[in-house]
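S.K.: Have a look at this one before I ask anything.
The values are calculated or read from the model by the stated rules, or taken from the named source; none is laboratory data. Small disclaimer: the values here were computed from a predicted structure and weren't measured. Positions of Cβ are backbone-derived with ideal geometry, glycine not excepted, and every protein chain shown enters the neighbour counts. Heads up: the accessible areas ignore ligands, DNA and RNA and are worked out on the full protein's heavy atoms, side chains in. Shrake-Rupley method; radii C 1.70, N 1.55, O 1.52, S 1.80 Å.
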Amino acid sequence: HDLIDRKKGLNITVKLPLKGHVYDYRTGKYFGETDTFKTYLVPGIANFYSIQKKRVSGLNVQAPGSVAAGSSVTVKFTAAGAEGAQVFNVNVCTPDGKIQRFYRKNFRTAGNNGSYTFQIPFNAAKGKWQIRVAHVNTGIRKNINVTVK
């Protein structure tokens with residue numbers, strides 16, 4: 001996006017065909033329960049919004065606090081208040097902050113929760129691994145650490 005002049009955008013009002021809880025799912029911004037909202041539109045940059053039946057009050061993520069190298073880790077996630085099909089994105093990062101692409105997953109769930117189990121390698125770097133979970137429908141994100149011993 002370095003080639004796009006963000007100053008050449010337009011302030012616009014968006015009118016939706018139905019009322020609901022509106023989110024910018026790139027930024028996690030909540031516009032409220034509405035069918036009309038104002039935003040800034042820059043030519044060449046796509047804006048993405050979702051309309052939810054109910055307000056999502058947060059993202060809960062659970063994982064064990066520590067594990068041994070070679071162990072399986074189960075991450076559980078819930079979009080509190082969400083209703084209907086949801087999408088979650090999970091990334092796993094090593095202690096040096098590098099995303100492990102092999103563990104990157106998207107999950108489409110029938111309800112507001114899901115889980116993901118993966119194995120920490122036997123030769124894994126010791127320290128705090130970070131699990132990053134995003135509720136794609138709203139853009140709400142939460143990170144949790146798992147210490148590999």
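S.K.: Quick one: in segment 28-42, of everything that is of a type in the set (Ser, Thr, Tyr) and in contact with a Lys or Arg (Cβ under 7 Å, 6 or more places away or on another chain), which residue is surrounded by the most Cβ atoms within 10 Å (Cβ to Cβ)?
M.R.: By that ranking, first place goes to THR34.
S.K.: Same structure, new question: Could you run through segment 79-104 and say how many residues are free of Cβ contacts under 8 Å to residues at least 40 places away in the same chain, assigned to a loop (DSSP other than H, G, I, E, B) and closer than 30 Å to GLU33 by Cβ?
M.R.: Total meeting the criteria: 4.
S.K.: Then there's this: Tally up the residues in segment 86-106 that are open to solvent by less than 40 Å² (accessible area, probe 1.4 Å) and touching a Lys or Arg at 6+ places or on another chain (Cβ under 6 Å), please.
M.R.: Counting residues in segment 86-106 that are open to solvent by less than 40 Å² (accessible area, probe 1.4 Å) and touching a Lys or Arg at 6+ places or on another chain (Cβ under 6 Å) gives 2.
S.K.: Oh, and also: Here are the criteria: (1) open to solvent by 70 Å² or more (accessible area, probe 1.4 Å); (2) within 29 Å of VAL133 (Cα to Cα); (3) assigned to a strand (DSSP E or B). Tell me which single one SER50 does not satisfy.
M.R.: So the condition that SER50 fails would be (1).
S.K.: Right, next: Of all residues in segment 7-27, which are surrounded by fewer than 15 Cβ atoms within 10 Å (Cβ to Cβ), in contact (Cβ under 8 Å) with a residue 24 or more places away in the chain and not in a strand (DSSP E or B)?
M.R.: Scanning segment 7-27 gives LYS8, ARG26, THR27.
S.K.: If you scan segment 107-149, which residues turn out to be exposed (fewer than 12 other Cβ atoms within 10 Å of the Cβ) and free of Cβ contacts under 8 Å to residues at least 24 places away in the same chain?
M.R.: ARG108
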